[in-house]
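Nothing in this text is a laboratory measurement; each read-out follows from the coordinates by a stated rule. Only a predicted model underlies this, so the values are computations on that prediction, with no experimental measurement involved. All Cβ positions, even for glycine, are placed from backbone atoms using ideal geometry, and neighbour counts span all protein chains on display.
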Amino acid sequence: MYFDSWSGFLSMEGHGLYVWSAYAVAAVVIGYNLIAPFITKRQVVAQVRRQERLIKRKMVVNDFKVTADSGEDLEQRFAPGSTQRKHRAERQEEGPESVERSAQ
Amino acid sequence: MNWTFFHKLGSPKWFYDISGKWLPWLQVSSLVLILVALVWGLAFTPPDYLQGNSYRIIFIHVPASFLAQAVYMMMATAAAVTLIWKIKLADMALKVMAPIGASFCILSLATGAIWGQPTWGTWWVWDARLTSMLILLFLYIGIIALRGAIHTTEAAAKACAILSLVGVVNIPIIKFSVDWWNTLHQGATLKLTEKPSMAPEMLWPLLLAILGFYLFFTLVMVLRLRIEILSRERKTRWVKELVS
């Protein structure tokens, strides 16, 4: 050990402020490099999971389309008053009105 | 010569699997080496006869500066591999190395400025070594910004590779700046061709610190590269299985 005491070690014969601030910057840079990968990892994992959920939802939608197009008995699948039909009906009613609105 | 390793490098999954085994070794070795080197350099080495205790900054300034330049050379190598062989992993490495290199370049400039104040009486001078190092930081920032500006992965890879290769011209300028011009910055302390001009009790902690910083760089580079692999391969089955 070169220094006699803790205070001598901290003051470094007048150069303490320079030496310790340089080492503090080094600690910040090392800390940034250690933390940054974990922040990115969390974002990437969330992104992959979101993509998985979207694909699953798409598969459900496609499933519906396939069965609907294949000429099954739609009346039986979607009894009168089911939400799907209601939406379609509403949209048709809305149609001309919304065109008018956009024209204005 | 057996070239299978080169083809394996083309497979991100292979790299992801094998690099997982390196992580614990890299963590332990870089932590131990940096701790030993810095404690040794801070508390046990004698002060410099000319600069007093301020010279203790050398144990981070020199490793950070070495890394800032070495990382750039590695990026340029990855850039050449990207352009010639179109290996995806090389472009991923190029991308993840840029912010690490930039952070060590900032560390080098900051510790240099702090060291300059007690030694030269000024934080900054526009001498050749300092200016060329600042240009290196701008190159790093330019490469990061360029990738952010181009949305297609392939186009961004090509543009960043070309910019990295063009920037290599700066590296010999940094290295020889202290020989070519009369700079305020002192000459190289360590040279491969000559015996070091440092006393062994100062030299050993410095060499350990350099090795420790290189291992630390390898550690954080591998950490980032593994995440970049997950991100780019997110449509593949193995990543989906790994994440969910």
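Dipole magnitude of the protein assembly as shown about its Cα centre, charges +1 at Lys/Arg Cβ and -1 at Asp/Glu Cβ only, in debye to the nearest 20? Could the numbers behind the result be given before it?
On the way: 35 positive and 24 negative charges, 228 e Å.
Dipole about the Cα centre, nearest 20: 1100 debye.
In loop segments of the range B:1-106 as defined by DSSP, the chymotrypsin sites (Phe, Trp or Tyr not before Pro) with at most 13 further C-beta atoms inside 10 Å of their C-beta are B:TRP3, B:TYR49.
From the alpha carbon centroid of the range B:26-69 to that of the range B:136-196 is 23 Å.
Ignoring the sites themselves, chain B has its longest run without trypsin sites (Lys or Arg not before Pro) in a DSSP loop having at most 10 other Cβ atoms within 10 Å at B:1-190.
Of the residues B:GLY41, B:PHE66, B:MET221, the one whose Cα sits farthest towards the positive end of the charge dipole of the range B:23-243 is B:MET221 (charges of +1 on Lys and Arg Cβ, -1 on Asp and Glu Cβ, taken about the Cα centre).
Can you give the calculated 222 nm mean residue ellipticity of the protein assembly as shown, where each DSSP H run of n ≥ 4 adds -39,500 (n - 2.57) and the sum is split over every residue, rounded to the nearest 500 deg cm²/dmol? Don't skip to the answer; put the middle values down first.
On the way: 13 runs with 267 residues, N = 348.
For the protein assembly as shown, the value works out to -26500 deg cm²/dmol.
Got a sec? Which residues in the range B:80-123 would a label at B:VAL166 touch, if it sits 7 Å along Cα→Cβ and we count backbone N under 17 Å? It comes to B:80, B:83, nothing else. Over the range B:1-125, the alpha carbon radius of gyration divided by the compact-protein estimate 2.2 N^0.38 Å works out to 1.40.
Mind giving me the FRET efficiency for B:THR152 and B:MET198? R0 is 51 Å, r the Cβ-Cβ distance, nearest 0.05 is fine. E(calc), rounded to 0.05, equals 0.55. The modelled label-to-label distance between A:LEU17 and B:ILE84, using points 7 Å beyond Cα along the C-beta direction, is 5.2 nm.
Pairs from the table (B:LYS21/B:LYS86; A:LYS56/B:LYS235; A:LYS41/B:LYS88; A:LYS41/B:LYS235) lying more than 21 angstrom apart at Cα are B:LYS21/B:LYS86.
Each principal axis of the Cα cloud of chain B was taken in turn, and the coordinate range along them, longest first, works out to 62, 38, 35 Å. Each label was represented as a point 7 Å from its Cα along the Cα-to-Cβ direction; for B:LEU190 and B:ALA43 these points are 2.3 nm apart. To the nearest 10 degrees, how steeply does helix B:88-120 sit against the main Cα axis of chain B, on a 0 to 90 scale? Orientation of helix B:88-120: about 10 degrees from the principal axis.
Give the calculated FRET efficiency between B:LEU23 and B:THR236 to the nearest 0.05, with a Förster radius of 22 Å applied to their Cβ-Cβ distance. Numbers along the way, then the final one.
On the way: r = 22 Å, r/R0 = 0.98.
Calculated value: 0.50.
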